[in-house]
Amino acid sequence: MSATPVARSAPPGVEHRARRWMVAGTLVYVGVLVVAPLVGIFWTALGHGLGIVGQTFSRPDVRHAFVLTGVVALITVVVTTFLGTIVALVLVRFRFIGSRVVSAIVDLPLAVSPVIVGLMAVLLFGRGGWFEPFFASRGIQIIFAVPSMVLVTIFICIPFVIREVAPVLEEVGTGEEEAARIVGASSLQTFLRVTLPNIRWGLLYGVALSAARALGEIGAVLIVSGAIQGRTETATLYVLRALEERQEASGNVVALTLAAISIVLLVAIEAFKRRQERIREERAA
Amino acid sequence: MSVGIVIENLNKTFGTFQAVTDVSFTAEDGKITALLGPSGSGKSTVLRMIAGLERPDYGRISLAGEEQTNKPVQERRFGFVFQHYALFRHMSVRQNIGFGLAVRKESKEAIRARVDELLDLVQLVPFAERYPDQLSGGQRQRVALARALAPRPRVLLLDEPFGALDARVRQELRRWLDDLHRELGVTSLLVTHDQEEALELANEVVVMHLGRVEQIGTPSEIYNHPTTPFVAGFVGAANVIQGHVVNGEVRFGDHQVVRGAEHLDDGAAAQAYVRPHDVRLGADRESPLSFPATVERVSDLGWTSKLRLRFPDGQVVIAQIPNEELGEIGDGDVVQVDLRNAKVFSPDAPEIAPDPEDQFAATG
């Protein structure tokens, strides 16, 4: 019997060409929109030698901006981790009247421009806002201060956690949780020992995305903070000011640092996940 | 006879769907009771209510005289085996089995000893450090069973435990579960749609249909004395013959007769349910209970054959006859047929009995 070629689903020429175009398109996209800007920042930041890095980081306003960004991002990560997980659990595990509406609203911060988010915060907490008298009478300043910056950042970042965790919860299903309850686990034990380990990678991804976004958020923060140098100026706001003041080099150093932190964050989680999987496979073999 | 689980008047609706209606039965201590019914009959919902995973709209669940209805799931100390195993995927076999003990804060040594004991019982000692996704379906279900048994449950609830397994493994596990039950004697409730499984394993069978109990009895009672048309048709294969009642017999065609309609009025329409192995061939030509039929098709199944027989009035029955009794019969032959052990029901009998007791009264 002579060898017959395996049947192909489409004429080889057409499919081949289409595939080549798709690969080329993807490469162009990644090259032009992702790699080129990174290289550009890298080039302008370090083109005049590494001295600019030392100079930039010795500036007190830059240091303060990074500390502030760190504080805002840290609080955001902690709050979005807890709140995002709880909201995802409620949306996936509980059926209540209006749950579909709530599920849709949760995505709103992703769809609305951050500038509008900032504006809403000003309307609520600013002079004449609904909540302003409550805080003002207690001497707490929200707008043009750290609290409002944290608030809008959390608002913008929380959908990342919810949207990563919810589908994982959905996919994992309720079987294991029910099995844990029947065998004697309380609801807290069930969550900590069964649900949490099952959603941990989704949660970690969501938190990483949330952290990356918190580091980079600018629109809403610009509106609510007033970008007061040395007080409410975050790293991204510093970059903005550096560009306006024609200090591209130090601005680019700060931008590059922010980008590097985000990239390291995502790569580290991917590496950690792979290592965990490998350890598990080795242990079982 | 001590009382095991007593279920009284369980009812459950999901939205507007009435899933379970007035279900009552008793599962004897130390025995296997099967809840048998087609999918959608409410049997799994009953089991989930007993486990505490669903809250009944009303009704009572008690164990050894102690009410369980409103007890939280984790305090009932029941074991549950799911159709799709529901093993903890991030835990090893050992951790899965020990989970119920670990959450009760038992000592490490006690957990280890009990898990070793169970690994031995379910014959999975070499697989202790594996993860669920590295096991076959049959192995996973044995881990699930060990996990359910580890905290020494008062009752074992099995929800279609072999439903996701292939036929050979299912047979094997069924036999194994039977042995295991003989050894441990834990009161068990088995939900299944497989009548063979129910009849083989259970001491008592509760047949459910459309959310209600159709009949409760031993496997032999359910098989040989079905009290509703549904049970007659669902448990074991059955031919249904349409006719009318004359002198306590069902007549169909010109002068074909099936006995067993004493409980129905003369002239009423009737349906006779006859099992394939109760269709006999070669009976006495002179007997009024023996009449001719044409063989349409003979299928040899090895030690028995299935015959498709057509009566002169056009009705068709399937006969199952051991090959050694069959002789030289082929397609197109005319044979004498005798229909035995028929269960006769009125065709307008409600498909769902309003109350199973009424059905007992009607036929008993």
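The values are calculated or read from the model by the stated rules, or taken from the named source; none is laboratory data. Note that the structure is a prediction, hence the values are computed from the model and not measured. Cβ coordinates were reconstructed from backbone atoms using ideal geometry, including for glycine residues, and neighbour counts include every protein chain displayed.
Consider B:PHE162 carefully, then state whether it is away from chain A (no Cβ under 12 Å) and either farther than 17 Å from A:ARG181 by Cβ or not in a loop (DSSP other than H, G, I, E, B) (or both).
Values: away from chain A (no Cβ under 12 Å): yes; either farther than 17 Å from A:ARG181 by Cβ or not in a loop (DSSP other than H, G, I, E, B) (or both): yes.
It is true that B:PHE162 is away from chain A (no Cβ under 12 Å) and either farther than 17 Å from A:ARG181 by Cβ or not in a loop (DSSP other than H, G, I, E, B) (or both).
For the condition farther than 18 Å from B:PRO153 by Cα and either within 27 Å of the chain's Cα centre (by Cα) or part of a loop (DSSP other than H, G, I, E, B) (or both), what is the one hit in B:GLY79, B:GLY59? Even if it seems obvious, please write down each step before you answer.
Details: B:GLY79 fails: farther than 18 Å from B:PRO153 by Cα.
Just one listed residue meets the conditions, B:GLY59.
Mind telling me which of the residues A:ALA235, A:ALA260 ends up being among the aliphatic types (A, V, I, L, M), in the same structural domain as A:LEU68 (by TED's automatic domain parsing), within 26 Å of A:GLY206 (Cα to Cα) and surrounded by 16 or more Cβ atoms within 10 Å (Cβ to Cβ)? Working first, answer last.
Working: A:ALA260 fails: surrounded by 16 or more Cβ atoms within 10 Å (Cβ to Cβ).
Within the list A:ALA235, A:ALA260, the selection yields A:ALA235.
Of the residues in region B:24-54, how many are farther than 17 Å from B:HIS209 by Cβ, under 12 Å from the mean Cα position of the chain (by Cα) and in a helix (DSSP H, G or I)?
0
A quick yes/no check of all residues on (1) loosely packed, with under 15 Cβ neighbours inside 10 Å; (2) modelled with pLDDT of 85 or more:
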residue	(1), (2)
B:VAL274	no, yes
B:PHE291	no, no
B:VAL298	no, yes
B:ASP313	yes, yes
B:GLN320	no, yes
B:LEU339	no, yes
B:ASP348	yes, no
B:ILE352	yes, no
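Tally time: how many residues in region B:86-125 are assigned to a loop (DSSP other than H, G, I, E, B), within 29 Å of the chain's Cα centre (by Cα), more than 10 Å from chain A (Cβ to nearest Cβ) and closer than 20 Å to A:ILE182 by Cβ?
Within region B:86-125, residues that are assigned to a loop (DSSP other than H, G, I, E, B), within 29 Å of the chain's Cα centre (by Cα), more than 10 Å from chain A (Cβ to nearest Cβ) and closer than 20 Å to A:ILE182 by Cβ number 1.
Mind telling me which of the residues A:THR76, A:THR56 ends up being polar (S, T, N, Q), in the same structural domain as A:GLU176 (by TED's automatic domain parsing) and within 21 Å of A:MET149 (Cα to Cα)? Can you show your working first?
Details: A:THR56 fails: within 21 Å of A:MET149 (Cα to Cα).
Testing whether each residue is polar (S, T, N, Q), in the same structural domain as A:GLU176 (by TED's automatic domain parsing) and within 21 Å of A:MET149 (Cα to Cα) leaves just A:THR76.
Among the listed residues A:VAL32, A:VAL23, A:VAL14, A:VAL39, identify the single one that is over 29 Å from the mean Cα position of the chain (by Cα) and either free of Cβ contacts under 8 Å to residues at least 12 places away in the same chain or in the same structural domain as A:ILE261 (by TED's automatic domain parsing) (or both). Break it down stepwise before answering.
Numbers: A:VAL32 fails: over 29 Å from the mean Cα position of the chain (by Cα); A:VAL23 fails: over 29 Å from the mean Cα position of the chain (by Cα); A:VAL39 fails: over 29 Å from the mean Cα position of the chain (by Cα).
Criteria check complete, one pass: A:VAL14.
Is it fair to say A:VAL168 is within 14 Å of chain B (Cβ to nearest Cβ) and modelled with pLDDT of 95 or more? Spell out how you get there, then give the answer.
Details: within 14 Å of chain B (Cβ to nearest Cβ): yes; modelled with pLDDT of 95 or more: no.
Answer is no for this residue.
List the helices (runs of 4 or more DSSP H) that sit entirely inside region A:202-285 and contain at least 3 residues that are acidic (Asp, Glu). Steps first, please.
Values: elements: A:219-225, A:235-244, A:248-284.
Of the helices (runs of 4 or more DSSP H) lying wholly inside region A:202-285, those with at least 3 residues that are acidic (Asp, Glu) span A:248-284.
Looking at B:ALA148, B:ALA128, which one is within 10 Å of chain A (Cβ to nearest Cβ) and out of contact with any His (no Cβ under 6 Å at 6 or more places or on another chain)? Write out each step before concluding.
On the way: B:ALA128 fails: within 10 Å of chain A (Cβ to nearest Cβ).
Being within 10 Å of chain A (Cβ to nearest Cβ) and out of contact with any His (no Cβ under 6 Å at 6 or more places or on another chain) holds for just one of B:ALA148, B:ALA128, which is B:ALA148.
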